[in-house]
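Below is one structure, written out as structure tokens; the observations come after it.
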Amino acid sequence: AANLQNQEGSKQQFLLGDTRSLDEVVRELAWMGYITSFCTAGYRCGRTGRHIMDLLRSGKEGKFCKLNAVLTFREWVDDFASEETKVVAEEIIIKEVDEIKQAMPEIFPQFMKYYEQIRQGGRDIYF
């Protein structure tokens, strides 16, 4: 049996014997300023193994990850988040979209096109 007494709940992302719902965990992470990524595009696009390591070293994959994290988070929030989680999540989404606008102005228009497609019900849209 796990020794639950030695865990520090305020410092750990997951607790042994954790009974929180996904919604609760996502809300807590968002409240702490973290976005949750539900992205699987890297696997489906072959960005794995040696290929992903090359992309990570070059800094290219980080751009994909940031863009796809926001898109998949938006999708999850729209489809599954409780009203309480949506309030906190919207703040993170606004912050992340602004960071993309500032850091990647060349891709921002395409990002916003995908983002709006998700807002209109499109799903499984990724870079």
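Computed quantities for the displayed model
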{"quantity": "Those aspartates and glutamates that a straight Cα-Cα span of less than 16 Å connects to K101, excepting residues fewer than 8 apart in one chain", "calculated": "E91, E116"}
{"quantity": "Accessible-area value, L16, 1.4 Å probe, nucleic acids and ligands omitted, Å²", "calculated": "100"}
{"quantity": "Among 108-114, 34-40, 118-124, the order from most to least packed when residues are scored by Cβ within 10 Å on average", "calculated": "34-40, 108-114, 118-124"}
{"quantity": "Sites T19 and F80 - FRET efficiency at Förster radius 22 Å, r taken between beta-carbons, to 0.05", "calculated": "0.75"}
{"quantity": "Gain on full stretching of the segment that runs from R57 to E106 - 0.36 nm per residue minus C-alpha separation", "calculated": "15.5 nm"}
{"quantity": "Nearest-10 value in Å² for the accessible area of E24, using the 1.4 Å probe", "calculated": "60"}
{"quantity": "Cα→Cβ-extended label distance, 7 Å offset, between R123 and V87, nm", "calculated": "2.8"}
{"quantity": "Neighbourhood net charge (12 Å Cβ-Cβ; Lys/Arg +1, Asp/Glu -1) for R123", "calculated": "-2"}
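The values are calculated or read from the model by the stated rules, or taken from the named source; none is laboratory data. What you see is a predicted model, and the numbers here were worked out from it, not measured in a lab. Backbone-built Cβ (ideal geometry, glycine too); neighbour counts: all protein chains shown. The protein model used for the area step is the full one, side chains on, heavy atoms only, and it has no ligands, DNA or RNA in it. Shrake-Rupley method; radii C 1.70, N 1.55, O 1.52, S 1.80 Å.
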